[in-house]
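This report refers to the structure that appears directly beneath it.
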Amino acid sequence: MKISHIFLMSSMLVSMPSLALSVEPVWKDSSLSTEARAKALVKAMTQEEKLQLVVSRYGVHGGPGNESVPKEALGSAGYVPGIPRLGIPAQQITDASLGITNPQNVRPGDAATSLPSGQILSGTFDPDLAYEAGQMMGKEAYHRGFNVLLGGGGAVLVRDPRNGRNFEYLGEDSLVAGNMAAAQIQGVQSQHVIATAKQFAFGAIETNRMKVDMRIGEKEARESDLLAFEIAVKQGKPGAIMCAYNKVNGDYSCENSYLLQLPKKNWAYRGYILTDWGATHSTEKSANAGLDQESGASFDSKVFFGKDLKRAIAKGEVSQGRLDNMVYRIVYSLMDVGAYDHPSYKSNQPEDVAANEAVSQKVAENGIVLLKNSHNVLPLSPQIKKIAIIGGKADQGVMSGGGSSQVTARGGNIIDQTRTQIWPGPVSYFPSSPMKAIQALAPNTKVDFATGNNIQEAVALASHADVAIVFATKWSAEGFDSANLELFGNQNQLIEAVAKTGKPVIVVLETGNPVEMPWLNNVDAVVEAWYPGTSGGPAIANILFGKVNPSGRLTTTWPKALSQVPYPYIAGAGHMPAIQKLNVKQYSAHNQLVSSVNLNEDGANVGYRWYEQKRLTPLYSFGYGLSYTTFKYKKINVVKDFTSDQHLITANVTIENTGKRDGADVIQVYGKMPDGTPSRLLGFKKVDLKAGETKTVAVTLFPASLSHYLPEKHDWEINPGSYEIFVRPNALSTDGLKTTMHLDKIDLPD
Ligand code: BGC
């Protein structure tokens, strides 16, 4: 008989001392449910221990006031001491979205792998790859001793092409963002590391992010950003959700009971909700709204969940049950991902760097987007005699985005000394040179470089080459939005001037967002490499030379100009109070800063749906991307299976690779609703096809994308009627095939 229940202990200890040695507490018994174990743990805790678990501090930023950082704290973003007598490990918390960060480079030896931007990951349209990417981050976090990753699930929808953090998010479509986040979360958590879905919710802009109020109707909210989070949370089951800095409908996200209750009440969410760093504003209001952990308390005006929470409980302003539930949720998540049973520790074993970097490169190669390729100038032949490489520090590396997600690459980042050095900077490049990778693929080619700072010099180099590749960059970072869609500095003039040489010109963009390309008609090819991560150099070179056939697609619609976007003017966009060494208060005293955004402007019709509704033609729509081969959709039919409660709808699409190269297409199935609302992506699947090959591919359609939220009924419903179903090369294309599907009214419980 296995004795594992603590309540047996007291009676047995007296009469059966020999058995007492084999008695183990309920929470240690891994054969029991996580619920039972976590509940028993909470019961065994003192009030002080409980209070200790609901505040994190001591990141690299130190403790609140004069508290010194305990030596056990690994640094990075935050730390919560463990409770050794109960086997509860310390929470060692690290950033974030693209890899394990090493803020301020405090431990130079502790560099890591950075994934490419979220636009690239989502642009792969490949949830298996998102899982692998998450798994890689989870491994690197665990190896360094961390057990909470503040990333893995950046599911904020991209609504504005100036947002400084779009490179951390997964695009404009709820279905893609939600599914890719869910897969990534599961990958992280497979390594006994908690992943975080963030930032909850509606961080559509960064300008005045600590105060700005995002106003949105319930229906619009549930059918857009909250749908992305719903999919990420239900499918991914993240251990943590991070509430955002901004307000939503008047209340700060981290004390907004509508937001904080939604996952817990409606999405069966069992994990905990932690704040962003500096996003806690109250004790009772936050605790009662459903906040479970105050993060990075040194960023708050005071520690809200310390003595103040104790006092509020003593006064009955917050119930003891609420504190117990906060703690339960935290230990539940630690147990659920295995962080309790397999505590992380700083390993001194070597890690498989090559394998981890290969994951980053694979993501880049599958998500970089070929935007233009006139006369098949790409792929390049390794027989070319002379290549001129111009700009973007391509001789040294690839650009990365700035802020809390900034990873320090192995070998150290390359810093642009001419630009800001303070957070969210410095402007950094990963040491993965596209030029070196190009030279390696074309060993007999003369490859020369011009920085691009001097336009004459660049033009002279291009004039003597057979092809010019211009690398153009634009830095985006957390904490501010760009004021416009222009490339930085003289880069537009540079590209125009190089194009005038009459040589074939290829532009490789390394940007956090779409940019205006006034020179587009004068160049031959454009590759959007976003921020391609720590193996970006070889990934770009492999695409340019056709070792990899591009298959990435845009997950953000690319406007022709700012006049097309829902919020053409954002007061204060482009200014960085931090960089001007002003605090937000001083800054706002001198500058007009946006104080609220009416998100009902685009509402549920984010991205391509906005363009369809407004009958606008963007430059490139969601889903767009070229290949070195061609595909033809030959047949589509839709099959419904409603025998179970699942409402399973499948689109069977027959596709042929009609070109001469092997390649991959992203099959995108869209639906037009009978009520006339703009089309939605209903399902997607990436498929590999050999040259000349034909396949029939089953694409599962998600009922969530067909349904509408009814605020008055607190329910989802699929309207009865006839649905037009399309398979298209991108969201707004008129190419492709169409079929129709009839549905009766279906109620889907919330
Ligand atoms: C960011 C979060 C990050 C946190 C901790 C904040 O500035 O918004 O995404 O996880 O800092 O570093």
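Applying the set (1) over 22 Å from residue 531 (Cβ atoms); (2) of a type in the set (D, E, K, R); (3) open to solvent by 10 Å² or more (accessible area, probe 1.4 Å) to residue 225 leaves exactly one unmet item: (3). For residue 219, the conditions (1) out of contact with any helix residue (DSSP H, G or I) (no Cβ under 7 Å at 6 or more places or on another chain); (2) open to solvent by less than 20 Å² (accessible area, probe 1.4 Å) all hold with the exception of (2).
Results for (1) under 21 Å from residue 603 (Cβ atoms); (2) over 14 Å from the mean Cα position of the chain (by Cα), shown as yes or no for each residue.
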residue	(1), (2)
160	yes, yes
170	yes, no
195	no, no
200	yes, no
207	yes, yes
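Taking the stretch 14-68 as the region of interest, the helices (runs of 4 or more DSSP H) fully inside it that hold 1 or more residues being in contact with a strand residue (DSSP E or B) (Cβ under 9 Å, 6 or more places away or on another chain), in the same structural domain as residue 306 (by TED's automatic domain parsing) and modelled with pLDDT of 75 or more are 34-44, 47-53.
Yes or no, residue by residue, for (1) surrounded by fewer than 18 Cβ atoms within 10 Å (Cβ to Cβ); (2) more than 31 Å from the chain's Cα centre (by Cα); (3) of a type outside the set (Val, Ile, Thr); (4) at pLDDT 90 or above:
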position	(1), (2), (3), (4)
699	no, no, no, yes
708	yes, no, yes, yes
716	no, no, yes, yes
722	yes, yes, yes, yes
726	no, no, yes, yes
732	no, no, yes, yes
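Looking across the stretch 449-480 at every residue that is open to solvent by 30 Å² or more (accessible area, probe 1.4 Å) and of a type in the set (Asp, Glu), the one that is farthest from the ligand (Cβ to nearest atom) is identified as 466. Please indicate, with yes or no, whether at least one residue in the stretch 470-483 is touching a strand residue (DSSP E or B) at 6+ places or on another chain (Cβ under 8 Å), under 21 Å from residue 416 (Cα atoms) and among the basic types (Lys, Arg). Among the residues of the stretch 470-483, at least one is touching a strand residue (DSSP E or B) at 6+ places or on another chain (Cβ under 8 Å), under 21 Å from residue 416 (Cα atoms) and among the basic types (Lys, Arg), which makes the answer yes.
Within the stretch 386-401, is there a residue that is out of contact with any Lys or Arg (no Cβ under 7 Å at 6 or more places or on another chain), part of a loop (DSSP other than H, G, I, E, B) and of a type in the set (Asp, Glu)? Yes; the residues of the stretch 386-401 include at least one that is out of contact with any Lys or Arg (no Cβ under 7 Å at 6 or more places or on another chain), part of a loop (DSSP other than H, G, I, E, B) and of a type in the set (Asp, Glu). For residue 364, the criteria (1) more than 24 Å from residue 623 (Cβ to Cβ); (2) of a type outside the set (Asp, Glu); (3) surrounded by 20 or more Cβ atoms within 10 Å (Cβ to Cβ) hold in every case but one, which is (1). Figure legend. Inter-residue proximity from the stretch 590-609: first residues farther than 12 Å from residue 246 by Cβ, second residues open to solvent by 20 Å² or more (accessible area, probe 1.4 Å) and among the hydroxyl-bearing types (Ser, Thr, Tyr), beta-carbon distance below 7 Å, spacing 6+ or different chains. Indicated pairs: 601/567. Among the residues of the stretch 420-431, those identified as open to solvent by 20 Å² or more (accessible area, probe 1.4 Å) and among the polar types (S, T, N, Q) are 420, 421. Scanning the stretch 343-361 for residues that are touching a Lys or Arg at 6+ places or on another chain (Cβ under 9 Å) and modelled with pLDDT under 95, we see that the one that is surrounded by the most Cβ atoms within 10 Å (Cβ to Cβ) is 344.
Among the residues of the stretch 679-697, those that are open to solvent by 10 Å² or more (accessible area, probe 1.4 Å) and not in a strand (DSSP E or B) comprise 690, 691, 692, 693.
May I ask you to list the residues in the stretch 90-111 that are at pLDDT 85 or above and either within 13 Å of the ligand (Cβ to nearest atom) or touching a Leu at 6+ places or on another chain (Cβ under 7 Å) (or both)? Of everything in the stretch 90-111, those that are at pLDDT 85 or above and either within 13 Å of the ligand (Cβ to nearest atom) or touching a Leu at 6+ places or on another chain (Cβ under 7 Å) (or both) turn out to be 92, 93, 94, 95, 96, 97, 98, 99, 100, 101. Scanning the stretch 415-434 for residues that are in contact (Cβ under 8 Å) with a residue 60 or more places away in the chain and among the aliphatic types (A, V, I, L, M) returns a single hit, 422. Taking the listed residues 146, 167, 125, the one that is closer than 30 Å to residue 730 by Cα, within 13 Å of the ligand (Cβ to nearest atom) and not hydroxyl-bearing (Ser, Thr, Tyr) is 167, with no other qualifying. The set of residues from the stretch 612-635 being touching a Phe, Trp or Tyr at 6+ places or on another chain (Cβ under 9 Å) and either buried (at least 21 other Cβ atoms within 10 Å of the Cβ) or in a helix (DSSP H, G or I) (or both) comprises 618, 620, 621, 622, 623, 624. Consider residue 306 carefully, then state whether it is away from the ligand (no atom under 16 Å from the Cβ), modelled with pLDDT under 95 and not hydrophobic (A, V, I, L, M, F, W, C). Taking the combined requirement at face value, the residue satisfies it.
Is it fair to say residue 642 is more than 29 Å from the chain's Cα centre (by Cα) and of a type in the set (Phe, Trp, Tyr)? Criteria met by residue 642.
Against the condition acidic (Asp, Glu), within 16 Å of the ligand (Cβ to nearest atom) and surrounded by fewer than 24 Cβ atoms within 10 Å (Cβ to Cβ), how does residue 300 come out, does it pass? The answer is yes for residue 300. For the stretch 324-342, the condition holds for at least one residue, the condition being that it is without any contact (Cβ under 8 Å) to a residue 60 or more places away in the chain, more than 24 Å from the chain's Cα centre (by Cα) and either open to solvent by 50 Å² or more (accessible area, probe 1.4 Å) or not assigned by TED's automatic domain parsing to the domain that holds residue 241 (or both). Look at residue 403 and say whether it is surrounded by fewer than 24 Cβ atoms within 10 Å (Cβ to Cβ), within 16 Å of the ligand (Cβ to nearest atom), assigned by TED's automatic domain parsing to the domain that holds residue 458 and in contact (Cβ under 8 Å) with a residue 40 or more places away in the chain. For residue 403, the condition - surrounded by fewer than 24 Cβ atoms within 10 Å (Cβ to Cβ), within 16 Å of the ligand (Cβ to nearest atom), assigned by TED's automatic domain parsing to the domain that holds residue 458 and in contact (Cβ under 8 Å) with a residue 40 or more places away in the chain - is met. Evaluation of residue 179 against the conditions (1) over 17 Å from residue 99 (Cβ atoms); (2) within 13 Å of the chain's Cα centre (by Cα); (3) within 13 Å of the ligand (Cβ to nearest atom) shows that the sole unmet condition is (3). Checking the stated criteria, residue 520 turns out not to satisfy the condition of being crowded, with 24+ Cβ neighbours inside 10 Å and in contact (Cβ under 8 Å) with a residue 60 or more places away in the chain.
Tallying residues that are away from the ligand (no atom under 16 Å from the Cβ) and more than 21 Å from the chain's Cα centre (by Cα) within the stretch 247-261 yields 8.
Being open to solvent by 10 Å² or more (accessible area, probe 1.4 Å), at negative phi and modelled with pLDDT under 95 is true of residue 417. Considering only the stretch 266-281, I want to know if a residue exists there that is within 16 Å of the ligand (Cβ to nearest atom), on the phi < 0 side of the Ramachandran plot and open to solvent by 50 Å² or more (accessible area, probe 1.4 Å). Yes; the residues of the stretch 266-281 include at least one that is within 16 Å of the ligand (Cβ to nearest atom), on the phi < 0 side of the Ramachandran plot and open to solvent by 50 Å² or more (accessible area, probe 1.4 Å).
The values are calculated or read from the model by the stated rules, or taken from the named source; none is laboratory data. Every value quoted in this text rests on a predicted model; they were computed, and no experiment measured them. As a convention, Cβ positions derive from the backbone with ideal geometry for all residues, glycine included, and neighbour counts pool all protein chains shown. With ligands, DNA and RNA removed, areas are computed over all heavy atoms of the protein, side chains included. Shrake-Rupley method; radii C 1.70, N 1.55, O 1.52, S 1.80 Å.
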